[in-house]
Each structure stands twice: as structure tokens, then as C-alpha cells.
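Step one of this worksheet: look at the structure below.
The values are calculated or read from the model by the stated rules, or taken from the named source; none is laboratory data. This is a predicted model, so every value here is computed, not measured. Quick reminder, even Gly has a Cβ in these numbers, built from the backbone with ideal geometry, and neighbours come from all protein chains shown.
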Amino acid sequence: MRKMSLLAALVIFWSCKEEKKEPSIAETMKTYSIAQMMDNEAIGGGSFSSNSDKLLVHSNRTGIYNAYALSVEDGTMEALTASDSSSVFTTSYFPNDDRILLSKDNNGDEIYQIYLRDTTGTVTNLTPFEGARANFYGWSKDEKSFYFGSNKRNPQFTDVYKMNLEDFSHTLLYENEEGLDVGEISDDEKYLALVKPVNTNDIDLFLYSMEDGSMTKINENQSANSPEDFSKDGKYLYYTTDDGGEFSYLKRYNLADGSSEKVLEKEWDIMGSYFTRSGKYRVTYVNEDGRNVIEVFDTESEKNIDLPTFEGGAITSVGFSKDDSAMRFYLGGSDTPSNLYHLDLETGDYKKLTNVLNPEIQAQDMVTAEVIRYPSFDGVEIPAIYYKPHQASAENPVPALVWVHGGPGGQSRQNFNSIIQYLVNHGYAVLAVNNRGSSGYGKTFFQMDDLNHGDKDLKDCVEGKNWLAAQTEIDGEKIGIIGGSYGGYMTMAALTFTPEEFDVGVNIFGVTNWMRTLKSIPPWWESFKDALYKELGDPYSADSVRLKKISPLFHADNVTKPLIVLQGAQDPRVLQVESDEIVASVRKNDVPVEYVLFEDEGHGFVKKENQIEAYSKILEFLDLHLKKDIEEPIKDGGDI
């Protein structure tokens with residue numbers, strides 16, 4: 001009897017032990033304020049110093065971007081600039097000393113100029129040309145000069161200049177009278193690779209001789225062509241093209257005899273390829289289903305080198321020291337912001353130099369995106385990136401948002417996005433659709449929305465909403481649409497042309513009057529203007545009838561659902577008046593409308609304080625108008 005009681009007790013003990021489960025992420029996760037989420041540090045750049053002991057980066061740790069010298073030894077960062085207004089972005093260390101080149105505009109107006117910071121800390125504008133933009137094109141082979149582009153002579157065209165590092169005087173190398181864009185400059189300064197957009201997909205490639213002024217067209221057929229680099233021996237121009245195929249592949253053009261040959265082809269677009277300064281490596285970027293895949297090809301062994309691999313993350317970009325003995329790389333993913341690493345190419349040892357995730361945030365609380373595909377109304381397969389909240393389930397269905405990228409022709413990618421993670425953390429599922437017309441999925445798919453915006457691309461977004469509604473973890477009665485720039489246009493198109501499909505709209509500096517936007521594009525877009533008109537329509541022609549038809553402003557009386565609009569006053573692409581007028585028009589419908597305007601932002605919000613205000617306003621709006629009766633809004637910083 002005593003033995004039976006003991007056995008029974010043991011059975012009960014083990015039974016209880018087996019039933020005890022570890023808590024799920026949904027049970028242990030925290031919700032975060034937008035201040036916490038935006039306190040993830042964003043770092044970019046990574047030029048090696050001349051002796052390879054430092055990396056030149058820009059970081060927003062102070063609230064806006066400034067320049068820093070990051071120690072390769074221990075990751076400590078020394079502030080090099082202290083701007084408290086316009087963000088400062090890094091360009092490069094000088095080849096043989098610790099002077100640096102920087103880039104800065106005026107609060108988002110996109111009129112960037114090139115600045116020098118010398119070793120005393122003095123910052124000087126090297127291109128103080130009133131109203132003109134300046135772009136860095138690279139160092140000369142003898143390291144005594146650098147090349148840059150400027151539209152100071154003619155606001156519509158960018159000329160090529162060479163700036164002497166001794167006295168910072170500059171000379172004109174190429175006067176652009178053809179409306180071409182500069183791609184690459186050969187080391188011997190004999191050739192320029194130039195491009196001319198034909199439409200938003202097809203681009204002609206030209207080789208210009210700076211010795212005799214002759215111009216040679218490289219591509220034989222209409223296709224998308226992009227110069228990538230000249231070979232270090234001066235024999236070839238490497239370029240990408242989609243001639244004869246759906247995706248871009250790498251070719252090279254023989255400068256001596258004009259022949260060309262295929263070098264590398266993948267099942268996805270090759271986005272870029274270049275040689276390191278010594279020529280030892282060729283780096284190639286592939287756009288594989290919305291994420292970067294990088295190959296580093298050793299030109300001596302003619303094999304790809306082995307790069308470090310990481311569970312749950314991918315290398316997103318790389319850079320090399322002057323002697324090619326070291327490589328820096330960024331590692332990140334949809335659920336983690338990118339950190340900077342250093343790799344010794346001789347030993348294979350690597351180390352992490354930054355830790356950009358806010359220490360107040362538990363890494364496991366972030367959501368890993370999933371690539372999904374769904375059929376649209378006509379059977380076309382639409383790729384999308386799905387973020388499902390940890391707390392979402394059939395028993396706890398959550399509201400959702402269709403997220404539309406910028407463009408036209410942009411792409412939602414598998415990168416970390418603070419605002420998306422913030423919304424998902426607060427219980428909103430997000431489906432980032434890559435509707436027809438998005439890049440990265442072949443040129444046929446890319447061209448499917450030409451002269452058709454606000455119609456089939458919008459229907460793709462509606463079908464994305466339908467896909468969401470079919471998921472058991474989604475409350476199909478509470479789905480909104482959100483996007484910036486072209487995505488903002490799609491938000492307004494959805495609310496005006498399909499007014500009952502989405503429950504709310506979040507318009508972030510979106511186009512609402514295509515005729516005005518196309519007539520007011522910045523002068524430095526002149527080379528791209530005709531191509532843009534071919535895709536969207538010419539506002540000075542009979543196309544204006546269709547452009548008015550697809551412009552939400554003229555159909556604002558159809559809007560019946562709550563709307564929030566966010567805009568930067570300095571935006572040169574989508575003017576403030578676009579948002580002013582749509583807000584005023586929709587308010588006439590007695591529809592809830594909120595308007596958030598930033599006087600010191602342009603096409604995109606880069607200052608942390610503005611990001612915090614903008615994104616907190618979005619969540620408050622969604623909690624009020626979309627989440628509604630599902631639950632009380634979760635207080636920032638609390639546990640679920």
C-alpha cells in the first residue's frame with residue numbers, strides 16, 4: 001500500500017512537470033514607446049582611414065546624423081561634427097591622411113553640397129554654389145584630386161569637375177549639353193560612362209571619349225543598362241543589362257574593339273558590381289527576393305571568397321581598406337537593425353563594432369518578416385513581406401495594415417524598419433506589398449503599371465487586404481492602408497477610388513495631384529523627366545485628362561474613412577501644397593482628418609524628435625480609428 005501511494009505520487013509529480021510549459025513570446029514580450037524604438041541607433045557609411053585603424057561613419061545618436069570616427073580596435077566613436085540642424089552624412093576619408101569629405105543639405109531640400117573637415121576640426125563648404133547640388137564621384141588614381149558633379153552652370157544638367165586637393169581649385173572635365181547622367185570615370189581619365197533614361201525601365205548606355213569628344217552607344221537594343229566600373233587595367237567597362245532577359249546581369253565592354261561578353265548572371269537582378277581600389281576583389285550585389293546577397297570575387301584565384309555566415313541575419317553591404325587586407329560589413333535583418341563589423345581578410349577573424357539595438361528592447365520581441373505571395377484579381381502573383389505580431393492568433397485576431405512602398409518602381413525589402421516594428425509590437429499586422437510596377441521581380445512585372453497607376457496597382461493592394469482578411473489571426477473588419485510618397489498616393493487612391501475597401505488611411509507625403517507634381521519636379525531631374533512622363537503621362541499633353549482622373553485631390557469627396565496626413569515643408573518632390581489641399585478637401589466631408597506638418601523636414605523624416613512625434617501620432621490615430629473596440633490602447637512601455 002505504501003509502495004502504491006509512492007508510485008501514485010510520482011505519477012502525479014511527473015504529470016504536473018510535463019504539463020508545465022515555458023511561457024510564449026506573446027506572454028513575455030514588452031510593448032515599447034516610439035521613443036524607445038527610435039532610440040535604436042542608425043549607422044551608415046564606413047570608409048576606412050588611410051592606415052585602416054578607423055572607419056568614417058554617420059550616426060543619429062544625437063537626434064540627427066553627424067560624423068564619427070569609429071575605432072576598429074574597440075568600437076569607440078569620436079564625434080567629428082556637432083550639427084544640431086541639418087543632418088551630416090559621411091563620404092570618405094582622404095586617401096593619405098585623416099581629412100574627410102562630408103555631405104549636407106538644408107533640412108531636407110536635397111541640395112547637397114560637399115564639405116571638407118580638416119584635421120583641426122574646421123569644416124568648409126567646398127562647393128558653395130548658390131542653389132546648386134554637388135555629388136562626389138570618387139578619387140583620382142594619383143590620389144591628388146577627386147571628381148564631383150554639379151549643376152551650377154545649368155540647373156538642369158550635371159557637369160563633371162575635378163577638384164585639386166592642394167588648393168581645392170576645380171576644373172571642368174565634361175560639359176553636359178545632352179542631358180545625360182554620369183555613371184563612371186576611368187582611372188586614366190580617358191572615358192566617361194554616361195546614361196540616358198528612355199523610360200523608367202530602359203536606359204541607354206554611352207561611352208564618351210574625353211580625348212576626342214566622341215560618343216559611342218554601348219547597348220544595341222532597348223534595355224535597362226547601368227555602368228558599374230572600369231577594370232583596373234583600363235581594358236573594359238563593366239555594366240549591368242537586362243537585354244534579352246527579365247533580370248539584370250553583368251557584362252563587360254571591350255574598349256579596344258567594341259565587343260562585349262557576359263560575365264555573371266543570376267536568377268535575380270544584379271544591382272551593382274565594382275572593383276576594390278587595388279583591383280584584388282570584385283564585389284557584386286544581388287537583389288534576391290527583397291534582400292541583399294553579396295559575392296566577393298577574388299580576381300586572382302577567380303573564386304568567390306567565403307564570407308562569414310550568421311543565423312537569422314545577412315550581410316547587407318561591404319567596404320574595403322585601401323590595401324584590401326580588411327573589410328567592414330553591415331549585418332542585419334528584418335527583425336534587427338544593422339550592426340557594423342570588421343573582418344581581417346588575411347586571418348578570417350571578425351568582430352562586432354557596434355550594438356545599435358536599444359538595450360531597453362528585448363531582441364526576441366522584434367518580429368521576423370516572412371515573404372509570401374498571393375494571386376491578384378487577374379492571376380498575377382504579387383510578392384509581399386508579412387509581419388505578424390507575436391500576440392496575434394485565431395483566438396486573438398488583430399487589426400492589420402497594407403503597407404505600400406515609395407516609387408513608382410520602389411520595392412519593400414527584408415530590412416529592419418523601426419516604424420513597422422513599432423506598429424507590429426503594438427498589435428498591428430503589416431503586409432508590405434510589392435504591387436505590379438515594383439522593382440526586383442523582372443522587367444515585365446516592373447512595367448505592368450505603366451500609364452495605369454491608381455488602377456491595377458491599387459487592385460493588387462486591395463487583394464493584399466483580402467489576403468490579410470483570410471488569415472485566421474487577422475480581424476478582417478479592421479484593415480487600413482499606409483504608405484509614403486508613391487505609397488502615400490496609393491493610400492489616397494484607395495480612399496478615393498475604393499472608398500469602402502480600407503477602414504483608415506495613413507498618407508505620408510503622398511502625391512495627390514499628378515499634374516502639379518509632374519510639372520514641378522526639381523530641375524536636377526531633367527534627364528529623368530521624359531522617362532517619368534512616359535510611365536505616368538505628360539501633364540502638358542492629352543495625358544492630363546487621365547492624370548486628373550487618377551489624382552485623388554479631384555475625387556476627395558469620395559473619402560468616407562478616417563485619414564492622417566504627414567508632410568515635410570521642405571520636400572522638393574511632393575510639395576507641401578499637395579498635403580494642404582487634400583486635408584482641406586477631405587475635411588469638407590465631415591470625416592476625421594489629422595494633419596502633421598514638420599517645418600524642418602523634406603521627403604522623409606530624419607530627425608529623431610520628428611520621427612517620434614510622427615510615428616506616435618500614427619499609432620494614436622490607428623488606436624482611435626482602427627483598433628477601436630478590439631481592446632483598450634496598450635500603454636507605451638507596459639507589458640502585455
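Every residue, every condition in (1) of a type outside the set (Lys, Arg); (2) touching a strand residue (DSSP E or B) at 6+ places or on another chain (Cβ under 8 Å); (3) part of a loop (DSSP other than H, G, I, E, B), yes or no:
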{"position": "Tyr489", "(1), (2), (3)": "yes, yes, no"}
{"position": "Ala494", "(1), (2), (3)": "yes, yes, no"}
{"position": "Pro499", "(1), (2), (3)": "yes, no, yes"}
{"position": "Phe502", "(1), (2), (3)": "yes, yes, yes"}
{"position": "Gly510", "(1), (2), (3)": "yes, yes, yes"}
{"position": "Met515", "(1), (2), (3)": "yes, no, no"}
{"position": "Leu518", "(1), (2), (3)": "yes, no, no"}
{"position": "Trp524", "(1), (2), (3)": "yes, yes, no"}
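Select, from Lys196, Lys262, the only residue that is in contact (Cβ under 8 Å) with a residue 40 or more places away in the chain and among the basic types (Lys, Arg).
Lys196
Scanning the range 1-59 for residues that are basic (Lys, Arg) and at pLDDT below 95, which turns out nearest to the chain's Cα centre (by Cα)? Show your work before the answer.
Initially, the range 1-59 is screened for residues basic (Lys, Arg), giving 2-3, 17, 20-21, 30, 54.
Restricting the remaining residues to those that are at pLDDT below 95 gives 2-3, 17, 20-21.
On the way: Arg2: 72, Lys3: 70, Lys17: 49, Lys20: 45, Lys21: 41 Å.
This residue is Lys21.
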Practice item. Mind counting the residues in the range 516-532 that are over 21 Å from the mean Cα position of the chain (by Cα) and surrounded by fewer than 19 Cβ atoms within 10 Å (Cβ to Cβ)? Key: 8
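Report, by residue number, each residue of the range 337-355 that is of a type in the set (A, V, I, L, M, F, W, C) and either assigned to a strand (DSSP E or B) or under 30 Å from Leu423 (Cα atoms) (or both).
So in the range 337-355, the residues of a type in the set (A, V, I, L, M, F, W, C) come out as 340, 343, 345, 353.
Once the filter is applied, which keeps residues that are of a type in the set (A, V, I, L, M, F, W, C) and either assigned to a strand (DSSP E or B) or under 30 Å from Leu423 (Cα atoms) (or both), the range 337-355 yields Leu340, Leu343, Leu353.
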Review point. Taking the range 120-149, which residues are in a strand (DSSP E or B) and within 28 Å of the chain's Cα centre (by Cα)?
Key: Asn125, Ala134, Asn135, Phe136, Tyr137, Gly138, Trp139, Phe146, Tyr147, Phe148, Gly149
**Study point:** Filter result for the condition that a residue is more than 30 Å from Arg133 (Cβ to Cβ), in contact with a helix residue (DSSP H, G or I) (Cβ under 9 Å, 6 or more places away or on another chain) and crowded, with 18+ Cβ neighbours inside 10 Å, over Ile612, Ile550, Ile582
**Key:** Ile550
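Tell me, which strands (runs of 3 or more DSSP E) lie completely within the range 150-269 with 3 or more residues that are more than 30 Å from Phe446 (Cα to Cα)? Talk me through it step by step, then tell me what you get.
Numbers: elements: 157-164, 170-174, 181-185, 191-197, 203-209, 215-217, 225-230, 236-241, 249-254, 260-264.
Once the strands (runs of 3 or more DSSP E) in the range 150-269 are filtered for at least 3 residues that are more than 30 Å from Phe446 (Cα to Cα), what remains is 157-164, 170-174.
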Study note, to complete from the structure: From the option list Val182, Val198, single residue qualifying as modelled with pLDDT under 95 and surrounded by fewer than 20 Cβ atoms within 10 Å (Cβ to Cβ) is Val198
**Study point:** Those residues of the range 158-169 which are more than 17 Å from Lys141 (Cβ to Cβ) and either touching a Gly at 6+ places or on another chain (Cβ under 8 Å) or surrounded by 18 or more Cβ atoms within 10 Å (Cβ to Cβ) (or both), in sequence order
**Key:** Thr158, Asp159
Study note, to complete from the structure: Reported set for the range 431-447 where residues are on the phi < 0 side of the Ramachandran plot and surrounded by 20 or more Cβ atoms within 10 Å (Cβ to Cβ) is Leu431, Ala432, Val433, Asn434, Asn435, Arg436, Ser438, Ser439, Tyr441, Phe445, Phe446
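Of the residues that sit in the range 240-252 and are surrounded by 14 or more Cβ atoms within 10 Å (Cβ to Cβ) and either over 30 Å from the mean Cα position of the chain (by Cα) or of a type outside the set (Ser, Thr, Tyr) (or both), which one is nearest to Thr284 (Cα to Cα)?
From the range 240-252, those surrounded by 14 or more Cβ atoms within 10 Å (Cβ to Cβ) are 240-243, 246-252; that's our starting set.
Going one step further and asking which of them are either over 30 Å from the mean Cα position of the chain (by Cα) or of a type outside the set (Ser, Thr, Tyr) (or both), we end up with 242-243, 246-247, 250-252.
Numbers: Asp242: 16, Asp243: 19, Glu246: 18, Phe247: 15, Leu250: 9, Lys251: 12, Arg252: 14 Å.
Only one residue tops the list, namely Leu250.
Find the strands (runs of 3 or more DSSP E) located wholly in the range 17-94 whose residues include 1 or more that are out of contact with any Ser or Thr (no Cβ under 6 Å at 6 or more places or on another chain) and of a type in the set (Gly, Ala, Ser), and list them. Show your work before the answer.
Numbers: elements: 43-48, 54-59, 66-71, 77-79, 88-93.
Ranges flagged: 43-48, 54-59, 66-71, 77-79.
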Check your understanding: Restricting the search to the range 95-114, which residues are in contact (Cβ under 8 Å) with a residue 24 or more places away in the chain and either at positive phi or in a strand (DSSP E or B) (or both)?
Key -> Ile100, Leu101, Leu102, Ser103, Asn107, Gly108, Glu110, Ile114
Practice item. Enumerate the pairs (first residue in the range 367-381 and within 9 Å of Glu463 (Cβ to Cβ); second residue anywhere and in a strand (DSSP E or B)) with beta-carbon separation below 8 Å, excluding pairs fewer than 6 apart on the same chain, so at least 6 apart or on different chains. Key: Tyr374/Glu381; Tyr374/Ile382; Tyr374/Ala384; Pro375/Glu381; Pro375/Ile382; Ser376/Ile382
Check your understanding: On the given criteria, is Arg328 of a type in the set (D, E, K, R) and within 26 Å of Leu431 (Cβ to Cβ)?
Key -> no
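Quick check on this structure: which one of Asp344, Asp323, Asp349, Asp298 is out of contact with any Asp or Glu (no Cβ under 7 Å at 6 or more places or on another chain), touching a residue at least 40 places away in the same chain (Cβ under 8 Å) and either surrounded by fewer than 16 Cβ atoms within 10 Å (Cβ to Cβ) or within 22 Å of Trp268 (Cα to Cα) (or both)? Write out each step before concluding.
On the way: Asp344 fails: touching a residue at least 40 places away in the same chain (Cβ under 8 Å); Asp349 fails: touching a residue at least 40 places away in the same chain (Cβ under 8 Å); Asp298 fails: touching a residue at least 40 places away in the same chain (Cβ under 8 Å).
From the options Asp344, Asp323, Asp349, Asp298, the qualifying one is Asp323.
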Review point. Filter the range 559-598 for residues that are without any contact (Cβ under 8 Å) to a residue 40 or more places away in the chain and within 27 Å of the chain's Cα centre (by Cα); which is farthest from Ser418 (Cα to Cα)?
Key: Asp580
Check your understanding: How many residues are more than 27 Å from Asp600 (Cα to Cα) and surrounded by fewer than 17 Cβ atoms within 10 Å (Cβ to Cβ) if we restrict to the range 53-74?
Key -> 4
Point to revise | Candidate set from the range 363-409 (those that are touching a Leu at 6+ places or on another chain (Cβ under 8 Å), closer than 20 Å to Tyr489 by Cβ and not aliphatic (A, V, I, L, M)); member that is surrounded by the fewest Cβ atoms within 10 Å (Cβ to Cβ) | key: Pro408
**Study point:** Sole exception among (1) under 30 Å from Asn199 (Cα atoms); (2) crowded, with 24+ Cβ neighbours inside 10 Å for Tyr428, by number
**Key:** (1)
